[in-house]
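Every number here is computed from the coordinates shown, using simple stated rules; none is lab data. These numbers were taken from a predicted model, which means no experiment stands behind them. Note: ideal-geometry Cβ built from the backbone for every residue, glycine included; neighbour counts use all protein chains shown.
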Amino acid sequence: MDKIMTVSLAFDHKEEGTILVGVNPELDSLSYPEIESKIGDRIILKHDDHETIHEVRSIQISNSMANKKNIGISVGKNITTKDIQVGSVVYSHK
């Protein structure tokens, strides 16, 4: 179980469902395929002692002007933004 990111934003998208956005400075030096491989097909979303497992629908990674990676993970429509707390941590589920 590798830490992928800390959630800084979550929003609902009409087609993609819920999207989690966050950063992890430890992944900034990795390429898109390396980060995508690290994330995998399922993630664990953890806040305090509560954790849930979600299927990954899609991944989007962009570089900020400071050359930092912003990671967006779509988890579909089985969870909504009201169920996600900013500061939650996303881990790989392998």
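Determine whether residue 71 is surrounded by 13 or more Cβ atoms within 10 Å (Cβ to Cβ) and either aromatic (Phe, Trp, Tyr) or not in a strand (DSSP E or B) (or both). If you could, list the steps in order and put the result at the bottom.
Details: surrounded by 13 or more Cβ atoms within 10 Å (Cβ to Cβ): yes; either aromatic (Phe, Trp, Tyr) or not in a strand (DSSP E or B) (or both): no.
No: the conditions fail for residue 71.
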Item to complete: Could you please find all residues in the range 42-58 being without any contact (Cβ under 8 Å) to a residue 40 or more places away in the chain and exposed (fewer than 15 other Cβ atoms within 10 Å of the Cβ)?
Response: 48, 49, 50, 51, 55
